[in-house]
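Throughout, read-outs are computed from the coordinates displayed, never taken from laboratory work. Predicted, not measured: the structure shown is a model, and the values here were computed from it. Cβ sites come from the backbone with ideal geometry, for glycine too, and all protein chains shown count toward neighbours.
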Amino acid sequence: MNSRKSRKEKKAPESRPFTIGITATSACVPQFELELGVGRLRDAGFEVKIHPVVSKHHRFFAGTDEQRTAAFAEFACDPEIDAIWCARGGYGAARVIEGVEKLRGVRPGKVLLGYSDVTALLDFTREKWGWHSIHSPMPGTREFSLLPEEDFQSLIEVVSAFAEKKKSQIPGLSHRLNYIGKVRPKTTIIAPLVGGNMTVWDTLVGTRYQGKAAGRIVFFEDVTEAWYRIDRMLNHLRTTGALKGAKALVLGSWSDCSDSAMKVLAAPVPADLPIKEALRDPAKFELPLKPLRPTYESDHLLKEIFAEFSEKTGIPVAMGVPAGHGPRYAPLPLGRKWRLDRLGRLTLVDRKL
């Protein structure tokens, strides 16, 4: 009798709090900015565990490939880490993939958050391990502490949905886009959203980590790239067939992307001057220079370059996703189905957890 009563009165174990693990997969992490970012997450009610690798340095990386890989593997296999949030981007995530792709004991159902260089891991962990991936700002950047309140609240709501997945779903996310060029979808498109940073996506073409575009809506954004380089990457993606079968392209921000022209002599070198010396140092002889060609505003080139791509491929392209390297940082759950209608409304359809 007493033993039966004891069994009835036995308390159920307390549920473990949803825990975010912060690690570094790419470049060196600024410590003060990370402290502020982690503080903001804790203020929002999350448990946060920081891996020591975030304070390491090796060349331009946050530690050696082995150190960054081991840190990521540790959190990937840790049953008490529910989400891995990369501290910042830069360069190096693709080098981590090689070390973890044969990893055993990976915990299913984790969430990976980040963007920019982390694009490579967002794709990999979703395709290989079935993780959830969220294109999102990162706590080790200055921008994280300066996020517009609308974007921060949206981000917290999305992460909180995963924390309470038994009784919740991802909040409704919707963005109004504008089509570029003349190509429009014949009907409403419903397809998984993939992608991220265009440079990273392009550098993975031809590798076993190449992103899959067929049957999907592909999202691209970038930062500090000259427009001729963006055109080069897009042409490479087109001619390699890396975007073949894509349902649509949707574009985020192109922060600090610019166009510039080299300076050339404004007039022939006078006959009485030593021509080779004048060519080496025009300023020495006060020779005037001029731009080789006109330069163009970013908005103009964005529309021209992607409209040309759209016309050549028949793939609709729309701009205006409020995500990328700023000024907006809206969270984008990737790998889930989104709806893109003929008016340009992009809406998350697959909200179940």
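Just for the chain, what percent of DSSP beta bridges are antiparallel, to the closest 5? Write out the running numbers ahead of the final one.
Numbers: 21 of 51 bridges.
Roughly 40 percent of the DSSP beta bridges within the chain come out antiparallel.
Tell me the relative contact order for the chain as a rounded percent, counting alpha carbon contacts under 8 Å between residues six or more apart. Let's see the in-between values first.
Working: 702 pairs, mean separation 65.3, N = 353.
For the chain, the relative contact order is 19 percent.
Once amide H atoms are built 1.01 Å from N in the peptide plane, which residues 5 or more positions from Gly195, or in another chain, come under 5 Å H to H?
Those qualifying (amide H under 5 Å, at least 5 residues apart or on another chain) are Phe219.
Between Thr207 and Asp65, what FRET efficiency follows from the Cβ-Cβ distance if R0 is 22 Å, with the result rounded to 0.05?
Details: r = 16 Å, r/R0 = 0.73.
Once the sixth-power term is evaluated, E becomes 0.85.
Once the Cα gyration tensor of the range 114-269 is found, what semi-axes does its equivalent ellipsoid get, as square roots of 5 times the eigenvalues, in whole Å, sorted largest first? Mind showing how you got there, number by number?
Working: eigenvalues 198, 89, 56 Å².
In descending order the semi-axes read 31, 21, 17 Å.
Evaluate the distance, in nm, between pseudo-label points positioned 7 Å from the Cα of Arg16 and of Val269 along their respective Cα→Cβ axes.
Placing both labels 7 Å beyond Cα along the Cβ direction yields 7.2 nm.
Roughly how large, in nm² to one decimal, is the mean projection of the convex hull of the alpha-carbon atoms in the range 23-120?
Values: hull surface 23.6 nm².
Seen from a random direction, the Cα hull of the range 23-120 projects 5.9 nm² on average.
Grab the beta carbon distance between Met262 and Leu103, set R0 = 45 Å, and tell me the FRET efficiency rounded to 0.05. Intermediate results must be reported in sequence, preceding the final value.
On the way: r = 48 Å, r/R0 = 1.06.
Rounded to the nearest 0.05, the efficiency is 0.40.
Order of Glu66, Glu74, Glu308 from fewest to most other C-beta atoms within 10 Å? Show your work: numbers first, answer last.
Details: Glu66 11, Glu74 14, Glu308 17.
The most exposed by this proxy come first: Glu66, Glu74, Glu308.
Out of all DSSP beta bridges in the range 19-167, what portion is antiparallel? Express it as a percent rounded to 5. Please list the in-between numbers first.
Details: 2 of 17 bridges.
That works out to approximately 10 percent antiparallel.
What order do you get for 202-215, 333-346 when each peptide is scored by the mean count of other beta carbon atoms within 10 Å, highest first?
Details: 202-215: 15.8, 333-346: 18.7.
By packing density, highest mean first, the sequence is 333-346, 202-215.
Restricted to Cα positions, what overall size does the range 178-253 have along the principal axes? Three whole-Å values, descending.
32, 27, 20
Convert each backbone phi in the range 45-61 into a coupling constant with the Karplus relation 6.51 cos²θ - 1.76 cosθ + 1.60 (shift: θ = phi - 60°), then list the ³J(HN,Hα) values in order as whole Hz, x for Gly and Pro.
With coefficients 6.51, -1.76 and 1.60, one gets x, 8, 7, 10, 10, 9, 7, x, 4, 5, 9, 8, 9, 8, 6, 9, 9 Hz.
Give the label of the value calculated from the structure for Cα extents along the principal axes in Å, choosing from [x] 115, 51, 39; [y] 79, 48, 32; [z] 56, 46, 35.
The value computed from this structure is option [x].
Please compare each pair in Lys165/Lys337; Lys182/Lys247; Lys263/Lys312; Lys56/Lys212; Lys49/Lys247; Lys56/Lys352 to a cut-off of 27 Å on the Cα-Cα distance and tell me which ones are over it.
On the way: Lys165/Lys337 18 Å; Lys182/Lys247 15 Å; Lys263/Lys312 33 Å; Lys56/Lys212 33 Å; Lys49/Lys247 39 Å; Lys56/Lys352 38 Å.
Too far apart for the 27 Å limit: Lys263/Lys312; Lys56/Lys212; Lys49/Lys247; Lys56/Lys352.
Just rank Tyr91, Tyr329, fewest to most, by other beta-carbon atoms within 10 angstrom. Intermediate results must be reported in sequence, preceding the final value.
Values: Tyr91 17, Tyr329 28.
Fewest-to-most ranking of Tyr91, Tyr329: Tyr91, Tyr329.
Count neighbours as other Cβ atoms within 10 Å of each site's Cβ, and list the trypsin sites (Lys or Arg not before Pro) in the range 94-142 that are DSSP loop with at most 11 such neighbours.
Working: sites: Arg95, Lys102, Arg104, Lys110, Arg126, Lys128, Arg142; in loops: Lys102, Arg104, Lys110.
Hits after loop and neighbour filter: Lys102, Arg104.
Let me have the 222 nm mean residue ellipticity of the chain computed from DSSP H runs of 4+ only, each contributing -39500 (n - 2.57), with the sum over all residues rounded to the nearest 500.
Working: 11 runs with 113 residues, N = 353.
Helix contribution divided over all residues of the chain: -9500 deg cm²/dmol.
Helix 31-43 versus the longest principal axis of the chain: what angle, 0 to 90°, nearest 10, using Cα atoms?
Helix 31-43 sits at roughly 40 degrees to that axis.
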